[in-house]
1. Please report, ordered by residue number, the helices (runs of 4 or more DSSP H) entirely within the range 323-413 with at least 3 residues that are of a type in the set (S, T, Y), farther than 20 Å from R443 by Cβ and at pLDDT 95 or above.
2. Identify all residues within the range 286-331 that are open to solvent by less than 20 Å² (accessible area, probe 1.4 Å) and of a type in the set (S, T, N, Q); write none if there are none.
3. What residue, of G214, G194, is at pLDDT 95 or above, open to solvent by less than 50 Å² (accessible area, probe 1.4 Å) and more than 30 Å from V297 (Cβ to Cβ)?
4. Among the residues of the range 126-166, how many are surrounded by 24 or more Cβ atoms within 10 Å (Cβ to Cβ) and either aliphatic (A, V, I, L, M) or at pLDDT below 95 (or both)?
5. If I go through the range 21-31 residue by residue, how many of them are within 25 Å of N139 (Cβ to Cβ) and buried (at least 19 other Cβ atoms within 10 Å of the Cβ)?
6. Cβ-Cβ under 7 Å, sequence separation 6+ or interchain: first residue in the range 71-88 and free of Cβ contacts under 8 Å to residues at least 24 places away in the same chain, partner open to solvent by less than 20 Å² (accessible area, probe 1.4 Å). Which pairs?
7. Would a scan of the range 257-278 turn up a residue that is among the charged types (D, E, K, R) and outside any loop (DSSP other than H, G, I, E, B)?
Amino acid sequence: MTARQAVAALKARDVSPGELIDAAEARIAEVEPKVNALPILCLDRARAMAEKLERPDDPPPGYLYGLPVAIKDLVDVAGVRCTQGSRAFADRIAHRSDYSVERLEGNGALVIAKANTPEFGAGAQTFNDVFGTTTNPWNTAMTPAGSSGGSAAALAAGEVWLADGSDLGGSLRIPASFTGVVGLRPSPGRVAWGPRALPFDTLSVLGPMGRNVGDCALMLDAQVGLDTRDPLSLPAPDRSFVDSVDHAVSFGRLPSRFAGGCRVGWTPDLGLSPVDPEVLAICQAAVRRLEKLGASVGTDTPDFSGAEECFQVLRAANFAASVWPKIQGKTDLVKPEVIWNAEKGLKLGGVEQADARRVQGEIYNRVAAFFERHDFLVLPTCVSPPFDHRKRYLEEVAGRKFDTYISWLVLTFAVTLTGTPAISIPCGFTKSGLPVGLQIVARPRGEAELLAFCAVLEADLGLSGRVPVDPIAGQP
């Protein structure tokens, strides 16, 4: 069942929350030795919450009626371990839940597990010294990427129906691309979360992950809503995201603000990095289908000049403020990439940070101008297909050698700088059978039109039902 089908069955009482917990537990036991996606289980807590679950007379959009979900191990769930993938916090038990978890549980979700993540979410390859490496269900010799790799792999392996993720440089989008699921990075404030060290930060967001666009919309409905504890928090929209998706699919028409129909700007690389030729060809084939669906597609992109240096500076400053206080005096327990990033932030001067803020503003203004002419920007999610999980990070693609452990994420972290919602949906498979994702970007706070657009394209591509029945063992 899809998540939406499962919720419909729960609502009709055709199945009970306890039965779905049992089904998830059995699946987890079957596949976890192969994928290592959900290392922390909290099944007894979920069963206890199921006993107290309310069935409101007038449920809000996205009410889940006891659907089991997974939460990334960067996000606190009261009474459950939250290690952040670090030996420095290996035995930590969260005393309270994150605002986002409170919202989900208030909307009928049952948290049954924590999903694996790289240490402090740093790096788009999911391994750590607490729980080890998460593998890709499409080929267990490959990585599901990260940092929401545990969530993505759990979805692809059929362990849970929905999972959350966080996204700073692409941590929702790239794992979705590598595992053939859907991951949405919403606008800052769309999903309230905290308490956190940098509540005014717009680079990091939480968002939904699902096996198809409709499921992702359902989870977003369950996540959104004003929370005054988060200063960026946005109210829930008047119309549910699921309704926007269903309306678009029922008419089979791409949404547009323009009288002449949907306008799409396509770019193979944002002008920032070469892309693996096979990945590029698969994405281009998907874009051609947009034209058959009635979109006007032209090669066009905002100017992202300076994006990489800008992001690297802003990210390092964030690490200095939010991660360094956690690891100071414990660096012997932390991987070198995290230490390097935090120390880089501590060494930044005022001029560097001022220049980065200025460049970010220039990029945003150019993106805003782009969305005066277009409905969507479309590009590959990642420069590469999934790679060997023994690699700490990707060092080179199509002749370009990357300078840092996060440089290969440039197609997603450049978009992060703009604060626009962005999603990755499956658009094809490599000759070796590995998924490839297409990244679609919408104007600020345009999640409804973005999900509607993706639902129509997803229906045309016909890939949403393809997930591994069992994790596929393979050779790198």
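The values are calculated or read from the model by the stated rules, or taken from the named source; none is laboratory data. Worth saying up front: this structure is predicted, and the values here are computed from it rather than measured. Note: ideal-geometry Cβ built from the backbone for every residue, glycine included; neighbour counts use all protein chains shown. Calculation scope for accessible area: heavy atoms of the full protein, side chains included, ligands and nucleic acids excluded. Shrake-Rupley method; radii C 1.70, N 1.55, O 1.52, S 1.80 Å.
1. Of the helices (runs of 4 or more DSSP H) lying wholly inside the range 323-413, none has at least 3 residues that are of a type in the set (S, T, Y), farther than 20 Å from R443 by Cβ and at pLDDT 95 or above.
2. Hit for the range 286-331 is Q312, nothing else.
3. G194
4. 11
5. So in the range 21-31, the residues within 25 Å of N139 (Cβ to Cβ) come out as 24, 26-31.
Then keep just the ones that are buried (at least 19 other Cβ atoms within 10 Å of the Cβ); that gives 24, 28, 31.
Residues meeting the conditions: 3.
6. Sorted first by the residue in the range 71-88, then by its partner, the pairs are A78/A94; A78/S97.
7. Kept after step one, since they are among the charged types (D, E, K, R), are these residues of the range 257-278: 257, 263, 269, 276, 278.
Subset that is outside any loop (DSSP other than H, G, I, E, B): 263, 278.
The answer is yes, given that some residue of the range 257-278 is among the charged types (D, E, K, R) and outside any loop (DSSP other than H, G, I, E, B).
Residue-wise test of (1) farther than 30 Å from F127 by Cα; (2) of a type outside the set (K, R); (3) modelled with pLDDT of 95 or more.
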residue	(1), (2), (3)
S16	yes, yes, yes
A37	no, yes, yes
I40	no, yes, yes
L43	no, yes, yes
A46	no, yes, yes
R55	yes, no, no
G62	yes, yes, yes
